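In what follows, a single structure is set out as structure tokens and then discussed.
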Amino acid sequence: MGDAGVQGDPGAKGDAGAPGAPGAKGDPGAPGAKGDAGTPGARGDSGPKGDAGPQGIPGPPGTSGGPTVIEYRVSSHFAAPPLTTAQAADPYPVKAGGPTNVTAGAACDTGSYPVGGGVLPSDSRVGAIAITGLIPVVNPDPTEPSGYVAAVDNLTDEEQGFQVYVNCIKATADTEKPTSDLPAAVRDRYTRVLREAK
């Protein structure tokens, strides 16, 4: 058998080969942890006021106010002067605006207004006096009295006493309409009568 040959020296390192083709896309990674909340931003300006909404359905009547209270007020005593004998003998002694006519009134409390009224004669004799007028007076101005005013004529030759009374309730006067058909001068005169009746 022959002797082994002597091993030669290694050859020089060859050049790097060309890059291989890209590998396949990897699977998505797991979601990361939730980050901390950011700092709140500055408050924005208020928006313009919106249009008014439609009117709501009226609610049921309240019950906490209690029942309506009717106030009864009566005037101080008034007396109609007697007729003379000649006047008393006249079958028609009443003269409109004559000296036998007496005007008196009963006033409601402040903030109350009349809902009824009348005259209380002190003499039970039928026909002793004639009620020639019974007028409700409503003043929307709460500083002015409201109430009832009566005009009375005495039909006898003796002095006849009488009183005016009024029933009132707490209310608000309707200022959208005239308070009455009374001329202004007449209403002023009746208001003055009510002031004196207080």
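Quick one: in the stretch 130-170, which of the residues that are in contact (Cβ under 8 Å) with a residue 60 or more places away in the chain and in a loop (DSSP other than H, G, I, E, B) is surrounded by the most Cβ atoms within 10 Å (Cβ to Cβ)?
Within the stretch 130-170, the match that is surrounded by the most Cβ atoms within 10 Å (Cβ to Cβ) is LEU155.
Which condition number does PRO99 fail, the rest of (1) at pLDDT below 90; (2) within 45 Å of the chain's Cα centre (by Cα) being met?
Of the numbered conditions (1) at pLDDT below 90; (2) within 45 Å of the chain's Cα centre (by Cα), the odd one out for PRO99 is (2).
I need the full set of residues from the stretch 61-87 which are at pLDDT 75 or above and part of a loop (DSSP other than H, G, I, E, B), in order please.
Of everything in the stretch 61-87, those that are at pLDDT 75 or above and part of a loop (DSSP other than H, G, I, E, B) turn out to be PRO67, THR68, VAL69, SER75, SER76, HIS77, PRO81, PRO82, LEU83, THR84.
The values are calculated or read from the model by the stated rules, or taken from the named source; none is laboratory data. In this text, all values refer to a predicted model and were calculated from it rather than measured experimentally. Don't worry about glycine lacking a Cβ; one is built from the backbone with ideal geometry, like all the others, and counts go over all protein chains shown.
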